[in-house]
Amino acid sequence: MIYRVFFGLCLLLVLSCFSACKNKSQDTSNHQNNEALSQAFTQMNGMEERKEDVENIQKERERKEEEQEKERGRAKSWLQGTWEYSGYDPIAGQMSVRLIIDGDYARLYGNGKLMDSGHLEIDPEEERISFGQYTGLDIDMARQIIYTGGRSEGTYMRKSTGGGSSGSSYSGRGSNGNTSRVTTFTTSSEVMAYVGNKFRNRSGNVIRVKSYGIICNGTQITNGVRVVSFNGSRATLTATSPYAHGTQHFYVDASRGTITDGTGDVFYIQ
């Protein structure tokens, strides 16, 4: 009987120890699980914060790009027209510069000769415009001016009241009744047909281009006209004149309804 009681007590003690060890193991496991969950939540929070940072950066970038696009549109508006500068250069001597900005296209003339031309690019952040092969000019967005030799020199062009942008200066039909707003030239014959319309400049002079020459105010001022190139809505014509030395160039832009002569004078379709 005594042995049975003793054996029972021993068994009860063993079970108690086993239960205590098991509970301790469970506590340790629960503690580890809690720590793992805590670390997971911390990592998730960190990922959410990083995601939020990326989203904020993206939103700020989009906001800045949108603001620059608005600035670019405002600059494009006041840049339209004819800009002129006359002064003395120690290397070139007396210089007369004319810049014509017509929509997205710009032409730069020096002493009556075309120096560069091409698609207009506006950088509102750097306050600079560029076009053609090598032309880059500083601008002042607030004062709305174009510098001739860089911002540091302080010389700038003045906007001519004579204009340069076609705007609404021509009707949608030529004098022959055909639609004059051509978007694309596919042959030189189409170019000649287009320039056969009447074109008038700000001074009231009227020209018409024929294959045998250019007629200005009823008088022939050049000999035969040749189409030397065309691309899209633009074309280049050449002609010789007894009143001027060398070959004369004329630049056609049907999308704007203009012909620009070698001195930068712009004629608008009637």
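Worth pointing out:
- Criterion (at pLDDT 85 or above and either surrounded by fewer than 20 Cβ atoms within 10 Å (Cβ to Cβ) or within 17 Å of GLY112 (Cα to Cα) (or both)) met by exactly one of PHE199, PHE267: PHE267
- Residue match in segment 215-226 (condition: of a type outside the set (Phe, Trp, Tyr) and under 23 Å from ARG98 (Cα atoms)): yes
- Enumeration of residues in segment 117-142 that are touching a Phe, Trp or Tyr at 6+ places or on another chain (Cβ under 8 Å), over 19 Å from ARG158 (Cβ atoms) and surrounded by fewer than 16 Cβ atoms within 10 Å (Cβ to Cβ): HIS119, GLU121
- Selected residue [within 29 Å of THR236 (Cβ to Cβ), touching an Asp or Glu at 6+ places or on another chain (Cβ under 8 Å), at pLDDT 80 or above and not aromatic (Phe, Trp, Tyr)] from SER86, SER96, SER117, SER77: SER96
- Residues in segment 235-266 that are in contact (Cβ under 8 Å) with a residue 60 or more places away in the chain and either out of contact with any strand residue (DSSP E or B) (no Cβ under 6 Å at 6 or more places or on another chain) or in a strand (DSSP E or B) (or both): HIS249, TYR251, VAL252, ASP253, ALA254, SER255, THR258, ILE259, THR260, THR263, ASP265, VAL266.
- Taken over segment 199-209, residues that are closer than 18 Å to TYR251 by Cβ and without any contact (Cβ under 8 Å) to a residue 60 or more places away in the chain amount to 2.
- Restricting attention to segment 219-234, the residues being closer than 25 Å to THR184 by Cβ and not in a loop (DSSP other than H, G, I, E, B) number 8.
- Qualifying residue in segment 128-137 (condition: assigned by TED's automatic domain parsing to the domain that holds GLU153, free of Cβ contacts under 8 Å to residues at least 60 places away in the same chain and basic (Lys, Arg)): yes
- Of all the residues in segment 156-191, those that are modelled with pLDDT of 75 or more, β-branched (Val, Ile, Thr) and under 25 Å from the mean Cα position of the chain (by Cα) number 1.
- Failed condition for ARG151, given (1) over 19 Å from HIS249 (Cβ atoms); (2) free of Cβ contacts under 8 Å to residues at least 60 places away in the same chain; (3) under 17 Å from the mean Cα position of the chain (by Cα): (3)
The values are calculated or read from the model by the stated rules, or taken from the named source; none is laboratory data. What you are looking at is a predicted structure, and each value in this text was computed from that prediction instead of being measured. FYI the Cβ positions are ideal-geometry reconstructions off the backbone, even for glycines, and counts take in every protein chain you see.
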